[in-house]
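Comments concern the structure below.
The values are calculated or read from the model by the stated rules, or taken from the named source; none is laboratory data. On a predicted model such as this, the values are computed, not experimentally measured, just so you know. FYI the Cβ positions are ideal-geometry reconstructions off the backbone, even for glycines, and counts take in every protein chain you see. Quick note on the areas: whole protein, heavy atoms, side chains included, nothing else; ligands and nucleic acids left out. Shrake-Rupley method; radii C 1.70, N 1.55, O 1.52, S 1.80 Å.
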Amino acid sequence: MNKTFLEFFSGIGLVRAGLECEGWNCLYANDISLDKKEIYELNFGSDHLHTEDVWKVSSKSIPAAFLATASFPCTNTSIAGDRKGLKGEHSSAFHGFYKLLSEQKERHAQPQVVMLENVQGLLTSRGGKDVAEIIGLLNKLNYFVDMIEVDAINFVPQSRPRIFVIGVQGDIASKVMAIPKRGFLQCNNSHPARTLKIIKALYSDPSFKIGHFDLPPLPVRRAALDSIIEPIPDSSHLWWNDERVTALMNQMSKNHLNAVTQAIALNKKSYFTVYRRVRKTGSMAEVRSDGVAGCLRTPRGGSSKQILLVCGNSKIQVRLMTPREYARLQGTSDSFQISTRQNDTTRSLFGLGDAVCVPVIRWIAANILNKIYTSVASEEQPSQLAVNEL
């Protein structure tokens, strides 16, 4: 089988963007969002995208592929959500994807590898029952499971930790994973991508079929926030007026305000990001001053839009981050198109805030998925002797 994949909950296609950079070929994509569909088709065309509720998708319409990915909704698994997990209205869509996997197995078209992506909250939602349910269900389809946490901060100036659950079919698992003895911890948990919470989840049930990939070190990020800033003229309407700037600064804690004030006094530009958060004392403007943006979110309200501060030379300028800056923080090239409509920033921010970081996907593809495929493909090639005898 060729290096092919299916992309579920595809959003604007950043999983695809990462995989294609590493030589993978998309055969089918699915998402329910019409807004995201427009951006997806701008960049990848309409040949593969099926816009439909995953529960209504017929498995007969899905081709056989080596890999299936699913960035299923995190609405009910995130700490900011209602924590109903896989029983919630949105995150329960995982079961729709699982139903299709089961039907693909019946049709002898089951992917040999599955990769799920979600937020850190997946590990603790419903007291850990959700992640245990996912491992058990994948085991039921004969997938051996490993799990890693990779933060985009290793690649781009954005803090964005995400959980990746990777399942490998049993007939090839032992060739590409270290399979521990049942119920016995045989895992080097010194790798930062395999956290203690992940170890706890994987070994929470001695009957789980699990394995561990041999992982290289995560890269060291070299770029800071200033590398993704889009040049906006001082005369632009995007910059806030003095009244709005003062109101924002009044919402800062003493320590955060001091950091901003000190940066204003310097003879150089410094770039900070701000999120507004509702606390017991009211709305607070929380400043990040380490050259890294906070985790991008979908713009469901004013507090979910990330604010940029440019400080220095006795001056402060404030505005919301632009869609292009969001796209750069997700590791896309500037050739990636982010809007189908002029000045339609909300649509672009929504798609990007709900997406994955492209370099993270590339790292996983290069260090895990490609190695699995190479191992399987090499066994499918006829031996040199057999070729000569033909």
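What is the residue count in segment 320-373 for residues that are among the hydroxyl-bearing types (Ser, Thr, Tyr) and without any contact (Cβ under 8 Å) to a residue 12 or more places away in the chain?
Step one: filter segment 320-373 for residues among the hydroxyl-bearing types (Ser, Thr, Tyr), giving 322, 326, 332-333, 335, 339-340, 345-346, 348, 373.
With without any contact (Cβ under 8 Å) to a residue 12 or more places away in the chain added as a condition, the list becomes 333, 335.
Result for segment 320-373: 2.
Looking at (1) of a type in the set (Val, Ile, Thr); (2) within 29 Å of the chain's Cα centre (by Cα); (3) modelled with pLDDT under 95, which is the only condition residue 281 fails?
Only one criterion is unmet by residue 281, namely (2).
Looking at segment 135-156, which of the residues that are assigned to a helix (DSSP H, G or I) and of a type in the set (A, V, I, L, M, F, W, C) is farthest from the chain's Cα centre (by Cα)? Lay out the reasoning, then the answer.
So in segment 135-156, the residues assigned to a helix (DSSP H, G or I) come out as 135-140, 152-154.
Keeping just the survivors that are of a type in the set (A, V, I, L, M, F, W, C) gives 135, 137-138, 152-153.
Numbers: 135: 19, 137: 22, 138: 20, 152: 8, 153: 12 Å.
Restricting to residues being assigned to a helix (DSSP H, G or I) and of a type in the set (A, V, I, L, M, F, W, C), the top hit is 137.
Restricting to strands (runs of 3 or more DSSP E) lying wholly in segment 216-316: which have 2 or more residues that are surrounded by fewer than 17 Cβ atoms within 10 Å (Cβ to Cβ) and out of contact with any Phe, Trp or Tyr (no Cβ under 8 Å at 6 or more places or on another chain)?
Values: elements: 270-279, 282-288, 307-312.
Ranges flagged: 270-279, 282-288.
Restricting to segment 234-285, give me the number of residues that are among the polar types (S, T, N, Q) and over 13 Å from residue 317 (Cα atoms).
Total meeting the criteria: 9.
Counting only residues that are closer than 21 Å to residue 359 by Cβ, give me the strands (runs of 3 or more DSSP E) lying completely in segment 13-94 with at least 2 of them. Before you say what the answer is, go through the steps one by one.
On the way: elements: 25-31, 49-51, 67-70.
Correct list: 25-31, 67-70.
Being modelled with pLDDT of 95 or more, in contact with a His (Cβ under 9 Å, 6 or more places away or on another chain) and of a type in the set (A, V, I, L, M) narrows it down to one of 163, 134, 148, so name that one. Talk me through it step by step, then tell me what you get.
Values: 163 fails: in contact with a His (Cβ under 9 Å, 6 or more places away or on another chain); 134 fails: in contact with a His (Cβ under 9 Å, 6 or more places away or on another chain).
Among 163, 134, 148, only 148 is modelled with pLDDT of 95 or more, in contact with a His (Cβ under 9 Å, 6 or more places away or on another chain) and of a type in the set (A, V, I, L, M).
State the number of residues belonging to segment 107-136 that are surrounded by fewer than 16 Cβ atoms within 10 Å (Cβ to Cβ), in contact (Cβ under 8 Å) with a residue 24 or more places away in the chain and more than 16 Å from residue 6 (Cβ to Cβ).
Going through segment 107-136 one residue at a time, the tally reaches 2.
Any idea which residue in segment 202-233 is nearest to residue 153 (Cα to Cα), counting only those that are among the charged types (D, E, K, R) and in contact with a strand residue (DSSP E or B) (Cβ under 6 Å, 6 or more places away or on another chain)?
Here is the first cut: in segment 202-233, the ones among the charged types (D, E, K, R) are 205, 209, 214, 221-222, 226, 230.
Retained after the next criterion (residues that are in contact with a strand residue (DSSP E or B) (Cβ under 6 Å, 6 or more places away or on another chain)): 209, 226.
Numbers: 209: 31, 226: 14 Å.
If we take residues in segment 202-233 being among the charged types (D, E, K, R) and in contact with a strand residue (DSSP E or B) (Cβ under 6 Å, 6 or more places away or on another chain), then 226 is nearest to residue 153 (Cα to Cα).
Can you list residue pairs whose Cβ atoms sit under 6 Å apart, with the first residue in segment 53-65 being closer than 23 Å to residue 168 by Cα and the second being part of a helix (DSSP H, G or I) and open to solvent by less than 50 Å² (accessible area, probe 1.4 Å)? Count only pairs 6 or more apart in sequence or on different chains.
Close Cβ pairs (under 6 Å, with a partner that is part of a helix (DSSP H, G or I) and open to solvent by less than 50 Å² (accessible area, probe 1.4 Å)) amount to 54/93; 54/96; 54/97; 59/100; 59/103; 59/104.
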